[in-house]
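A short write-up of the structure that comes next.
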Amino acid sequence: MTPIQPAFSLATRPQRKSVFFTTLSCLALAAAGTASASDTTSDAATATAASATTETATANPMTPSAAWARATAPGIVTGAIYLTITNTGDIPDDLLSASSPAAATVELHRHLMRADGSMAMVHVEKLAIPAHGNITCAPGGYHLMLFNLAQPLVAGTHIPLLLTFAHAGTVTTSAVVGDIAAMGFAEASASATAASAP
């Protein structure tokens, strides 16, 4: 009797191995594609977060402007910086402190008129800046007092300044150094330009 042949044949062992490794390869490629898509999504999210952080950093409502100081004579170890601080935000803020590499210490000060007509300089804990308002530090009023200057303040140079606010955090600016007799930002800027001219 002639044996009946099956309608199909079982795969040989080498064939089964080939199918097995082909399946593994497909799974690996699919996993790599998923990982790549995940990485791309992660990169996009990171870029979006970085962009949002940059926008937040540039939106600081506290804006210092017109910062200036007078030149100091040799041997003088104190100086003062005057400026205007504008608050474009919806909430009041306070200037808590200031620092500069030009001096060992920077303090918030104010001149007050005594009953006898003499002037007194007092330390203040903070300067309040109203929402959508400003405060101007000027001779005879509020100012940033520099103690133990690293070197005399020279007309035509600039003083780096770091301001720290209660809500807005830190803001950097610089003050132009004008002539020793300057009475405001415009005079200080003009004398600084003249001093630095060749």
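Counting only strands (runs of 3 or more DSSP E) that fall entirely inside region 86-130 and contain at least 1 residues that are hydroxyl-bearing (Ser, Thr, Tyr), the qualifying elements are 93-99, 103-113. Flag: residue 138 does not match the condition of being under 19 Å from residue 110 (Cα atoms) and part of a strand (DSSP E or B). Checked against the criterion of being under 17 Å from the mean Cα position of the chain (by Cα) and either buried (at least 18 other Cβ atoms within 10 Å of the Cβ) or of a type in the set (Val, Ile, Thr) (or both), the candidates 98, 80, 71, 103 yield just one match: 98.
Since every read-out is calculated from the coordinates, none of them should be taken as a lab result. Owing to the predicted nature of the structure, the values given are computational and were not obtained by experimental measurement. No Cβ is skipped: glycine too gets one built from the backbone with ideal geometry, and neighbour counts run over all protein chains shown.
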